[in-house]
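Engineer: Attaching a single structure in structure tokens format; questions to follow.
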Amino acid sequence: MTDIERKEQSIDHETYMNIFLKGQEHTKPSKETLQLISDMKGELKDDIKNIEIALAELPKKLIDELDKKYVSKEKFYPIKVLVFGFTGIILASAIGALVNLVIKQ
């Protein structure tokens with residue numbers, strides 16, 4: 001680079017400050033930007049409401065899924081009584097047979 005090119009590239013302090021201050025003006029949000037932010041804010045509120053609704057419905061869906069896969073205690077009680085009854089009868093007859101074998105000998 002020649003000295004002339006360097007002088008053309010160099011900027012004095014006043015010019016630099018003018019450019020800097022103009023750049024600061026561009027950092028202020030424009031009306032369009034503020035409108036976009038406002039629109040996005042409304043969309044976010046709607047999304048949050050939809051998520052809240054989905055979360056409110058989630059326990060109902062989980063209960064429905066559990067009802068499909070598992071049996072409640074009320075529905076299981078008669079089966080429980082039958083299984084324990086038959087198990088008791090089988091154990092009692094097995095113990096009775098062992099006692100009968102011991103007494104006979």
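The numbers here are math on the coordinates, done by the rules we state, and not lab data. Every value quoted in this text rests on a predicted model; they were computed, and no experiment measured them. All Cβ positions, glycine included, derive from the backbone under ideal geometry; neighbour counts span all protein chains shown.
Engineer: With the crude spin-label approximation of a point 7 Å out along Cα→Cβ, what separation in nm comes out for Leu98 versus Glu32?
Structural biologist: According to this spin-label approximation, the distance is 9.1 nm.
Engineer: Now for a separate question. In whole Hz and in residue order, list the ³J(HN,Hα) couplings for the stretch 30-39 that follow from phi through the Karplus curve 6.51 cos²θ - 1.76 cosθ + 1.60, θ = phi - 60°; x for Gly and Pro.
Structural biologist: Going residue by residue, I get 7, 5, 5, 5, 5, 5, 4, 5, 5, 5 Hz, with x marking Gly and Pro.
Engineer: Provide the per-residue ³J(HN,Hα) series for the stretch 72-88, in order, calculated from phi with Karplus coefficients 6.51, -1.76, 1.60 and θ = phi - 60°, each as a whole number of Hz, with x at glycine and proline positions.
Structural biologist: Along the stretch 72-88, the couplings run 6, 5, 5, 6, 7, 4, x, 5, 4, 4, 5, 5, 5, x, 5, 5, x Hz.
Engineer: How much length is gained on full extension from Asn50 to Tyr70, taking 0.36 nm per residue of separation minus their Cα-Cα distance?
Structural biologist: That pair, Asn50 and Tyr70, stretches by 4.2 nm at full extension.
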